[in-house]
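Below is one structure, written out as C-alpha cells; comments come after it.
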Amino acid sequence: MRRFSEVTRSMQIFLLLASMFSGMQASADGVVHISPIADKLHRPWSMVQLPDEGWLITLRGGQLVKVSAEGEKQTKIDLNLPGLFAESQGGLLDFALAQDYALSGTVLLTYSQGNKDANRLVVARAKFINDTLSDLKIILKVTPDKDTPVHYGGRLLALPDGTWLVTSGDGFDYREQAQVKDSLLGKVLHFREDGSAPQDPPFSTSPLVFTLGHRNPQALIYDERTGNIVSHEHGPDGGDEINILTKGKNYGWPVTTYGKDYSGARISPFETYPGMEQPAVNWTPSIAPSGMALYRGEQFAELEGKMLVTTLKDQSLYAVDLEAQPPTSTKIFPQLKQRLRDVKIDNKGAIVILTDGANAQLLKIQRRNRKSD
C-alpha cells in the first residue's frame, strides 16, 4: 500500500470528519466519505478513467500521472510532446480515450505549442499502450497564432457518431476573433478522428467551426438521454456561462456579455443581441468554472441528472439543474473549500475531484451504506 505523507494523512482525517458533520453528510442512505487517492500533483488540468478503473491525470508540464483505482500506485510518465509551450495557462491540457481504445489504444490530447511570440492550441492523436505514448500526430491546429499564454480552451468530447469536439479560447487579447468565422479562436470545433472536417458543416468557408462567440470554454458534456451538448466558459469579471450548444449558433462573445473588463470598464453595451444565444446559466460575480460532469449513478440519487461544476475562484463544487425553470445552481459538499480543477463520475457512481495548484490531489467522494460501515 502506497504511503501518504503525514500532511496528507491529516488532510484525509480532516476531510473525513468534515464530511460527516457539514453539508451533504449522514442520511438514511449512508455516510459521505471524502478520501485522497493521489497527491503531490503539480499543476494538473484533467483526468480520465481507464478501463481497469485506474486514472490518468494530465500535468501541464507535459506529463501524465497514472494512478491505480484506490491509489495504491502512482506513476509519472513524461510524454515528450513536440513543441510544448507550458507557460501560464498553457501546457498539456486534456487527454481522452477513443471509442475503440480497448482494442486500438488510440487517444486524443490537447496542448499548447510554440513560444511566447507565436503559440496555439493543438489536438494530437496517438497510441497509448503499456504506459507509453507513440505514433503521435498533430491533427488540428488552432489558427491564427497568438502571442498570449492564456485562454486556450482545450476540452475534448467524443460524440456518438465517432466525430469529436474541442473548445478553443479567444487568446484574451484577440477576443474579436471569436466573431470571425474564418478564425478558429473563440470557437467550438468539430472534426473527425483524423482531423478532417465532418459532413454538413454549418459554415462552408470554415468547415471546422461548430459554434462561435466563446471566450474561454473549458468543459464539454454530451447527455445521451437528452441529446444535448453542454459547455461552460469563463467570462471576464462576471459573466461565466453554461450554454446548451446547437450547431451553427453564435454565443455572443464579445458582442454580448454579463461581465465587465477587469479594469471595471464595459466590454460591450449589450447583454442581448439579435441572432445571438443567451446562456442557460450566468454566474455574476464570477466563479471561474473549470471542469464539469453529468451525474448518472446510484450513490447520490439527489444529484441524478445534474451537472457538477468545479470552480477555481469560488473554490466550490456546484450542482446545476438545467431542467429546472429557471435552471438552479447550488453549492454542494462545502467542506471542499479549495480550488477545484476537474470532476468526473467513476464507474461505480462516486464523484472524483481533481484539485488545483502545485501540490494538488485526486479526491474520491462516495456514500457508504451504514450497514457496511
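The values are calculated or read from the model by the stated rules, or taken from the named source; none is laboratory data. What you are looking at is a predicted structure, and each value in this text was computed from that prediction instead of being measured. Here Cβ is always computed from backbone atoms with ideal geometry, including for glycine, and neighbour counts include all displayed protein chains. Protein only, heavy atoms only, side chains kept; ligands, DNA and RNA dropped before computing areas. Shrake-Rupley method; radii C 1.70, N 1.55, O 1.52, S 1.80 Å.
Quick check on the range 222-349: take the gyration tensor over C-alpha atoms, sort the square-rooted eigenvalues as a ≥ b ≥ c, and tell me if it's rounded (a/c under 1.5), prolate or oblate. If you can, show how the numbers build up before the last one.
On the way: a/c = 2.47, a/b = 1.42, b/c = 1.74.
Oblate shape, in that a/c is at least 1.5 and b/c is the bigger or equal ratio.
In degrees from 0 to 90, rounded to the nearest 10, what is the angle of the helix 6-21 Cα long axis to the longest principal axis of the chain? So the helix axis and the longest Cα principal axis differ by about 90 degrees. Using the alpha-carbon positions of the range 86-226, Rg (one decimal) and Dmax (whole number) come out as 14.6, 44 Å. Straight Cα distances below 16 angstrom link K66 to the lysines K40, K76, K127, K344, K364, with same-chain residues fewer than 8 positions distant left out.
For the range 121-177, rounded, prolate or oblate, judged on the Cα gyration tensor with a ≥ b ≥ c (square roots of eigenvalues), a/c < 1.5 rounded, else prolate if a/b > b/c? Prolate, because a/c is 1.5 or more and a/b exceeds b/c. Cα convex hull, the chain: 142 Å³ per residue, rounded to a whole number.
Residue by residue, the range 98-106 carries 3J(HN,Hα) couplings of 5, 4, 9, 3, 4, 9, 9, x, 6 Hz when phi is fed to the Karplus relation 6.51 cos²θ - 1.76 cosθ + 1.60 (θ = phi - 60°); x denotes Gly or Pro.
What order, most packed first, do the peptides 51-61, 232-242 have when packing is the mean number of other Cβ atoms within 10 Å of each residue? Intermediate values should be presented prior to the final figure.
On the way: 51-61: 18.5, 232-242: 23.6.
Per-residue Cβ counts within 10 Å, averaged per peptide and sorted highest first, yield 232-242, 51-61.
Taking amide H as placed 1.01 Å from N in the peptide plane, the amide H of Q299 sits under 5 Å from none that are at least 5 places away or on another chain.
Centre-to-centre separation between the Cα atoms of the range 166-186 and those of the range 61-87: 29 Å.
Per residue, how many Å² of accessible area does the chain show with a 1.4 Å probe? The partial results should precede the final answer.
Details: 15940 Å² over 373 residues.
That works out to 43 Å² for each residue.
Computed 3J(HN,Hα) for the range 264-270, one whole-Hz value per residue from the Karplus formula 6.51 cos²θ - 1.76 cosθ + 1.60 where θ = phi - 60°, is x, 6, 6, 7, 8, x, 10, glycine and proline marked x.
For the range 276-282, the Karplus equation 6.51 cos²θ - 1.76 cosθ + 1.60, evaluated at θ = phi - 60°, returns couplings of 10, 7, 8, x, 6, 9, 10 Hz by residue, with Gly and Pro reported as x. Amide H to amide H under 5 Å from E241: which residues, 5+ apart in sequence or cross-chain, H placed 1.01 Å off N in plane? Residues meeting the amide H criterion: E233, G235, W283. Summarising the amide proton neighbourhood of G61: residues at separation of 5 or more, or on other chains, whose placed amide H is nearer than 5 Å comprise L92. Which one of Q315, Q89, Q325 has the biggest mean-square fluctuation once the chain is modelled by GNM with Cα springs under 10 Å? Looking only at Q315, Q89, Q325, the biggest GNM fluctuation is shown by Q325. Can you bin the range 153-229 into rounded, prolate or oblate? Criterion: square roots of the alpha carbon gyration tensor eigenvalues sorted a ≥ b ≥ c, rounded for a/c under 1.5, prolate for a/b above b/c, oblate for the rest. It comes out oblate by the Cα gyration axes.
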